[in-house]
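Colleague: If you scroll down you'll find the structure; I have some questions about it.
The values are calculated or read from the model by the stated rules, or taken from the named source; none is laboratory data. Keep in mind that this is a model prediction, so the values were computed, not measured. Heads up, the Cβs are rebuilt from the backbone with ideal geometry, glycines too, and the neighbour counts pull from every protein chain shown. Each accessible area value is taken on the protein alone, full model and side chains, heavy atoms only, with ligands, DNA and RNA left out. Shrake-Rupley method; radii C 1.70, N 1.55, O 1.52, S 1.80 Å.
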Amino acid sequence: MSLSEHQAASLTPETVVVAAGRPPRERDQPVNPPITLSSTYFGTGPLGDGDRGYGRYSNPTWDPFEEALGQLEGAALPGLLYASGLAAVSSALSLIPAGGVLVMPNHSYSGSLVMASELAQKGFIELRTVDIADTGAVQDALAPQGPAAKAASMLWLESPTNPMLGIADMAAVAEAAHAAGAIVVTDNTFSTPLVQQPLLLGSDVVLHSVTKYLAGHSDVVLGALVTSNPDIRAELLHHRIIHGGIAGPFEAWLALRGLRTLALRVERSQESAMVLAGRLAGHPAVESIRFPGLDTDPGHIRAKAQMKGFGSIICIQVAPAAGLSGADAADKLVRALGLWLPATSLGGVESLIERRRRHSAEPASVPENLVRLSVGVEGVEDLWADLKQALDTLGG
Ligand SMILES: *Cc1c(COP(=O)(O)O)cnc(C)c1O
């Protein structure tokens, strides 16, 4: 027997990540779900809703992860797994009707911004970008504007934003979006459902790059969407079937395996991030820092109200050093590290560091000297010793 609904509802998230999505508790059943490698399924007669049909429609290997993620986000329905976070973004944006208005944070994940901008350039949608931390500006962007007096069809939320770590008042902007007739999609990649549950703060759809914390080992690329609305879920599922952004069974299995330790990883990396942020803030080579856990951070009070912890992403701007611009000093810092891995991405067990503007797609409003740190689960004193020796090479 798998977990009854009653049991599942009363379990803490720390237990759900371990217990959800197991095979039936019957003699000689495996304790982990198997990987199903099949592109098709036996069947005759008309295909019904319960039928698997074909490998692009469904795969039993997706189900345990989708069930677990739905439970973790507090959704009434299982999630939907995708080939990548951006395949999930594509499916979510397909909910906007032709010519509809999308309101998006000006510092959303760069891939989401590029996709939305390209749809707007082709005239498929209208895009309004805003500072998501400015609730008044979000309200204005949602309201009817232009010759056709169009209100928004969708509000996109990221909080904290990638990489500027802006914090939205999530419940307030979700309420404003609904009042304007828009649906709300929240990219919850940075927080994970253990830290923030957007559906409970009024969002209609939650998005994850499963590549990051959920899978957690920097070894797969996957995405997911979660909603409690059956009509929205049906539309998203149809999009996944027809556009084909499906997950490979092996990747889906790895994601569930990674999810089993999510609570431990989140707890450790959040704790370490708090320690490191405090020390980084006091180092002379650090010009400025954003981390919502610092009580001096502009997003601190909001983050404290809507998150359980503050995540484990820190952004610093590196001060110009003797003869070096801030950007060059940032590059020097990254190269001087021996333990931190200089690489893009985030949310793995290993600590990663990157100067974001090395990507040409990163918005120009992200400072050249901004370095994003994704704190992993190594010993915090080892992480600090490595950072300190590298920062000390900059003088300051
Ligand atoms: C990485 C990331 C994505 C894109 O996900 P992929 O799995 O790389 O396609 C979307 N949103 C955020 C916040 C991300 O960090």
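Colleague: Of everything in region 295-326 that's surrounded by fewer than 19 Cβ atoms within 10 Å (Cβ to Cβ) and hydrophobic (A, V, I, L, M, F, W, C), which residue is nearest to the chain's Cα centre (by Cα)?
Modeller: My answer is 305.
Colleague: Does residue 77 satisfy being open to solvent by 10 Å² or more (accessible area, probe 1.4 Å) and in contact with a strand residue (DSSP E or B) (Cβ under 9 Å, 6 or more places away or on another chain)?
Modeller: So residue 77 fits the description; yes.
Colleague: If you don't mind, another one. Is one or more of the residues making up region 360-370 modelled with pLDDT of 95 or more and among the aliphatic types (A, V, I, L, M)?
Modeller: Going residue by residue through region 360-370, those that are modelled with pLDDT of 95 or more are 367-370.
Then keep just the ones that are among the aliphatic types (A, V, I, L, M); that gives 370.
Checked region 360-370: at least one residue is modelled with pLDDT of 95 or more and among the aliphatic types (A, V, I, L, M).
Colleague: What is the residue count in region 159-182 for residues that are among the acidic types (Asp, Glu) and within 13 Å of residue 134 (Cβ to Cβ)?
Modeller: Within region 159-182, residues that are among the acidic types (Asp, Glu) and within 13 Å of residue 134 (Cβ to Cβ) number 1.
Colleague: Here is a follow-up. Criterion first (within 11 Å of the ligand (Cβ to nearest atom) and open to solvent by less than 10 Å² (accessible area, probe 1.4 Å)) does residue 236 satisfy it?
Modeller: On the way: within 11 Å of the ligand (Cβ to nearest atom): no; open to solvent by less than 10 Å² (accessible area, probe 1.4 Å): yes.
Considered against the rule, which asks whether it is within 11 Å of the ligand (Cβ to nearest atom) and open to solvent by less than 10 Å² (accessible area, probe 1.4 Å), residue 236 comes out as no.
Colleague: (1) surrounded by fewer than 18 Cβ atoms within 10 Å (Cβ to Cβ); (2) within 16 Å of the ligand (Cβ to nearest atom); (3) polar (S, T, N, Q): which one isn't true of residue 229, the others all being true?
Modeller: The one condition residue 229 does not meet is (2).
Colleague: Exactly one condition in (1) open to solvent by less than 30 Å² (accessible area, probe 1.4 Å); (2) more than 12 Å from the ligand (Cβ to nearest atom); (3) touching a residue at least 60 places away in the same chain (Cβ under 8 Å) is false for residue 85; which is it?
Modeller: (2)
Colleague: Looking for whichever is within 24 Å of residue 212 (Cα to Cα) and out of contact with any Phe, Trp or Tyr (no Cβ under 8 Å at 6 or more places or on another chain) here; the options are 10, 38, 94. Which one fits?
Modeller: Being within 24 Å of residue 212 (Cα to Cα) and out of contact with any Phe, Trp or Tyr (no Cβ under 8 Å at 6 or more places or on another chain) holds for just one of 10, 38, 94, which is 94.
Colleague: Among the numbered conditions (1) assigned to a helix (DSSP H, G or I); (2) surrounded by fewer than 23 Cβ atoms within 10 Å (Cβ to Cβ); (3) within 16 Å of the ligand (Cβ to nearest atom), tell me where residue 112 comes up short.
Modeller: Answer for residue 112: the failing condition is (2).
Colleague: Could you grab me the full set of residues in region 158-198 that are open to solvent by 10 Å² or more (accessible area, probe 1.4 Å), among the aliphatic types (A, V, I, L, M), more than 21 Å from residue 91 (Cβ to Cβ) and not in a loop (DSSP other than H, G, I, E, B)?
Modeller: Listed by number, the residues that qualify are 171, 172, 176, 179.
Colleague: Hey, another quick one. Is it true that residue 105 is away from the ligand (no atom under 16 Å from the Cβ) and either open to solvent by 20 Å² or more (accessible area, probe 1.4 Å) or touching a residue at least 60 places away in the same chain (Cβ under 8 Å) (or both)? Please lay out each step first, then the result.
Modeller: Details: away from the ligand (no atom under 16 Å from the Cβ): no; either open to solvent by 20 Å² or more (accessible area, probe 1.4 Å) or touching a residue at least 60 places away in the same chain (Cβ under 8 Å) (or both): yes.
For residue 105, the condition - away from the ligand (no atom under 16 Å from the Cβ) and either open to solvent by 20 Å² or more (accessible area, probe 1.4 Å) or touching a residue at least 60 places away in the same chain (Cβ under 8 Å) (or both) - is not met.
Colleague: Which members of region 156-188 meet the condition of being within 11 Å of the ligand (Cβ to nearest atom), farther than 20 Å from residue 297 by Cα and among the β-branched types (Val, Ile, Thr)?
Modeller: Scanning region 156-188 gives a single hit, 186.
Colleague: Would you call residue 69 assigned to a helix (DSSP H, G or I), surrounded by fewer than 21 Cβ atoms within 10 Å (Cβ to Cβ) and within 16 Å of the ligand (Cβ to nearest atom)?
Modeller: Against the criterion (assigned to a helix (DSSP H, G or I), surrounded by fewer than 21 Cβ atoms within 10 Å (Cβ to Cβ) and within 16 Å of the ligand (Cβ to nearest atom)), residue 69 does not qualify.
Colleague: Also, I was wondering about something else. Could you pull out the residue among 206, 221 that is surrounded by fewer than 21 Cβ atoms within 10 Å (Cβ to Cβ), within 13 Å of the ligand (Cβ to nearest atom) and either at negative phi or at pLDDT below 95 (or both)? Let's see the steps before the verdict.
Modeller: Working: 206 fails: surrounded by fewer than 21 Cβ atoms within 10 Å (Cβ to Cβ).
Unique residue meeting the criteria: 221.
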